[in-house]
Amino acid sequence: MLKVVYKVTYPNGKIYVGSDITEDIRYFGSPDPKYIAKDFTREQYRDFTVRREVLWESETASVSEVLRK
């Protein structure tokens, strides 16, 4: 199973770096929705794009190695 370290960039420029060991393309981390909502105006809330970039990947790394990255 492919394990990755990824970077999520929100429209306001804030960045979240996380890991995914499930190989689920839909996974964007688990940020607190209250904090994200505070960063958006009502207009931005209606239409926005979030970018997810894979920074590192491995099919053989252990979970602990992924978390260290």
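The values are calculated or read from the model by the stated rules, or taken from the named source; none is laboratory data. Please read these numbers as outputs of a predicted model, since none were measured by experiment. Note that we place each Cβ from the backbone using ideal geometry, even for glycine, and neighbour counts take in every protein chain shown. Note: areas computed on protein heavy atoms with side chains; ligands, DNA, RNA excluded. Shrake-Rupley method; radii C 1.70, N 1.55, O 1.52, S 1.80 Å.
Of all residues in the stretch 43-54, how many are touching a Ser or Thr at 6+ places or on another chain (Cβ under 8 Å) and either open to solvent by 100 Å² or more (accessible area, probe 1.4 Å) or not in a strand (DSSP E or B) (or both)?
2
So, in the stretch 4-25, exactly how many residues are over 16 Å from E57 (Cα atoms) and either part of a loop (DSSP other than H, G, I, E, B) or among the small types (G, A, S) (or both)?
Going through the stretch 4-25 one residue at a time, the tally reaches 5.
Residue by residue, here is whether (1) at positive phi; (2) surrounded by 10 or more Cβ atoms within 10 Å (Cβ to Cβ); (3) out of contact with any Lys or Arg (no Cβ under 7 Å at 6 or more places or on another chain) holds:
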{"residue": "Y27", "(1), (2), (3)": "no, yes, yes"}
{"residue": "Y35", "(1), (2), (3)": "no, no, yes"}
{"residue": "K38", "(1), (2), (3)": "no, no, yes"}
{"residue": "T41", "(1), (2), (3)": "no, no, yes"}
{"residue": "W56", "(1), (2), (3)": "no, yes, no"}
{"residue": "V63", "(1), (2), (3)": "no, yes, yes"}
{"residue": "K69", "(1), (2), (3)": "no, yes, yes"}
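Of all residues being surrounded by 12 or more Cβ atoms within 10 Å (Cβ to Cβ) and under 13 Å from I36 (Cβ atoms) in the stretch 13-22, which is farthest from the chain's Cα centre (by Cα)? Just the residue, please.
It comes out as K14.
Hey, does the stretch 19-28 have a residue that's in contact with a Phe, Trp or Tyr (Cβ under 9 Å, 6 or more places away or on another chain) and modelled with pLDDT of 90 or more?
Within the stretch 19-28, one or more residues are in contact with a Phe, Trp or Tyr (Cβ under 9 Å, 6 or more places away or on another chain) and modelled with pLDDT of 90 or more.
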